[in-house]
1. Just checking, how many residues over segment 177-197 are farther than 14 Å from L54 by Cα, surrounded by 19 or more Cβ atoms within 10 Å (Cβ to Cβ) and more than 17 Å from the chain's Cα centre (by Cα)?
2. Within segment 84-111, how many residues turn out to be modelled with pLDDT under 95 and either within 12 Å of the chain's Cα centre (by Cα) or among the hydrophobic types (A, V, I, L, M, F, W, C) (or both)?
3. Go through the residues of segment 23-35 one by one and say whether even a single one is closer than 25 Å to V195 by Cβ, out of contact with any strand residue (DSSP E or B) (no Cβ under 9 Å at 6 or more places or on another chain), modelled with pLDDT under 90 and surrounded by fewer than 20 Cβ atoms within 10 Å (Cβ to Cβ).
Amino acid sequence: MNRKTLGLGAALLAASASPAFAHLDPGEHGSFMAGFTHPLFGTDHVLAMVAVGLWAALLGGRAIWAVPAAFVGVMALGFLASMVGVPLPFVEPTILASVVAIGLLVALAVPMPVGAVMVVVGFFALFHGYAHGGEMGEAGAAGYAAGFAMATALLHAVGMAAGLSVARLFSGTTGQMVTRAAGGVTALAGVWLMVAG
């Protein structure tokens, strides 16, 4: 195994790791930090966010900014829906399904227009945002939302950076295959989370 492959593997593992501690108390750490750390504490959130970034990198072009922007924007709407009490069924199962579905779409490199990809990630983002709202606790809504939106964007950036780095490190279709393999691993991790949960 060469250094590039080993380094890439270590980076992907680090990006998919999830801290093993509870959500931060907004009273002690502030609303922004409670929100910022919230997506980082759930393996399902981390995997889905990184997979969105991988998918955007795999598509290239305007997808690099449009796909993550669609996710963050619709996630904010999901958060607002939670705040005003709009009922949304199957939140946790849909979040787990997002890990599997987005991972599979990356793995299979399904040919879709960017607009359709934005709709797919937006659908799942609604549930992620709703879950963040449901677990806000005593945090202030504005700071908390800004925190989880920034963390989500950073996780998307990790996925995009990984995907774009793979494309640079490996020539031709090899880079695409490595990114697709990462999508497959993500989907399998989602299945494992479903079974383990």
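The values are calculated or read from the model by the stated rules, or taken from the named source; none is laboratory data. This is a predicted model, so every value here is computed, not measured. Every residue, glycine as well, gets a Cβ built from its backbone with ideal geometry; the counts of neighbours run over all protein chains shown.
1. Residues meeting the conditions: 0.
2. Within segment 84-111, residues that are modelled with pLDDT under 95 and either within 12 Å of the chain's Cα centre (by Cα) or among the hydrophobic types (A, V, I, L, M, F, W, C) (or both) number 2.
3. Step one: of segment 23-35, the residues closer than 25 Å to V195 by Cβ are 23.
Those left that are additionally out of contact with any strand residue (DSSP E or B) (no Cβ under 9 Å at 6 or more places or on another chain): 23.
From the residues that got through so far, the ones that are modelled with pLDDT under 90 too are 23.
After this cut, where a residue has to be surrounded by fewer than 20 Cβ atoms within 10 Å (Cβ to Cβ) as well, the list is 23.
Yes, segment 23-35 contains a residue that is closer than 25 Å to V195 by Cβ, out of contact with any strand residue (DSSP E or B) (no Cβ under 9 Å at 6 or more places or on another chain), modelled with pLDDT under 90 and surrounded by fewer than 20 Cβ atoms within 10 Å (Cβ to Cβ).
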